[in-house]
1. Heads up, I need the accessible area for TRP116: 1.4 angstrom probe, whole protein in place, Å², nearest 10.
2. Can you list the chymotrypsin sites (Phe, Trp or Tyr not before Pro) in the range 66-99 that are in a DSSP coil and have 16 or fewer other beta carbons within 10 angstrom?
3. Just the accessible area for THR91, please: 1.4 Å probe, Å², rounded to the nearest 10?
4. Could you tell me which of the pairs LYS94/LYS122; LYS73/LYS130; LYS73/LYS115; LYS70/LYS173 are separated by over 23 angstrom between their Cα atoms in the structure shown?
5. Cα gyration tensor of the range 59-157, axes a ≥ b ≥ c as square roots of the eigenvalues: rounded (a/c below 1.5), prolate (a/b > b/c) or oblate?
6. So how much accessible area does LEU71 have, in Å² to the nearest 10, using a 1.4 Å probe?
7. Among TYR166, TYR155, what's the order by accessible area (1.4 angstrom probe), most exposed first?
8. Would you please put 123-131, 57-65 in order of how densely packed they are, using the mean number of other Cβ atoms within 10 angstrom per residue and starting with the highest?
Amino acid sequence: MTNSTSILESLAAEVAALKAQNASLEKRLAALEPKAIAEGKPLEPGTKVHTIPTGIPDDFEMPTDQEFAKLEKAVVKAFPHLIEREYEPETFSKGFKAAFVGLAAMRRLDEPQSKWYPVAYKEECETRAKRAGLFSDINWYAFIAAVVAHGDVCYATKMELGVPQYIELGLRKDDFGRPARGATWRNSLTGVFMKPGQNFPKEAKAA
């Protein structure tokens, strides 16, 4: 009887120790997870917020899953040719989100630049996405859709929007230029997009 009691007490102590260790691990993991954006409108239960915590301005408002879907739909409606080439809905959507988040961390210039190949920015988005554990195989046209969706990246094109060798972007991967604007992408939700060659007014405010 004494032995049985001793064994039970020993097992109880081990269980308590394991519970304490598990609680400690959960606390450490929670500290490593990206934090949801605290400002702005309240999020619905279960809503996910996509963000990479490196390089994105503190005041940048990241779309929710629902807003990403609406944003993609608005861009595709305005520029339908972006989904006419090797289009796979799920892959396009994942690439669109990853590119959008990566672009949020890049600096904006007031004029499109011809000396930098635009594919370099897509590759930068893929690198950032991979580091953050996100989908990183970004389709070129999903990337261009994300550029347009942001609403504050000036661009120039000699053909229909999206052809790689005929587009120039006003972006920088370093610290030059201005940061992404807080929520200019909301203009895109209403079907209002920057036109080729259009510069974003410095005094303009996000909708």
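1. 80 Å²
2. TYR87
3. 50 Å²
4. Distance filter (> 23 Å) returns LYS73/LYS130; LYS73/LYS115; LYS70/LYS173.
5. Verdict is rounded for the range 59-157.
6. 0 Å²
7. Largest to smallest exposure gives the sequence TYR166, TYR155.
8. Sorting 123-131, 57-65 by mean packing, highest first, produces 123-131, 57-65.
The values are calculated or read from the model by the stated rules, or taken from the named source; none is laboratory data. Keep in mind that this is a model prediction, so the values were computed, not measured. All Cβ positions, glycine included, derive from the backbone under ideal geometry; neighbour counts span all protein chains shown. Keep in mind that these areas ignore ligands, DNA and RNA; they rest on the heavy atoms of the full protein, side chains included. Shrake-Rupley method; radii C 1.70, N 1.55, O 1.52, S 1.80 Å.
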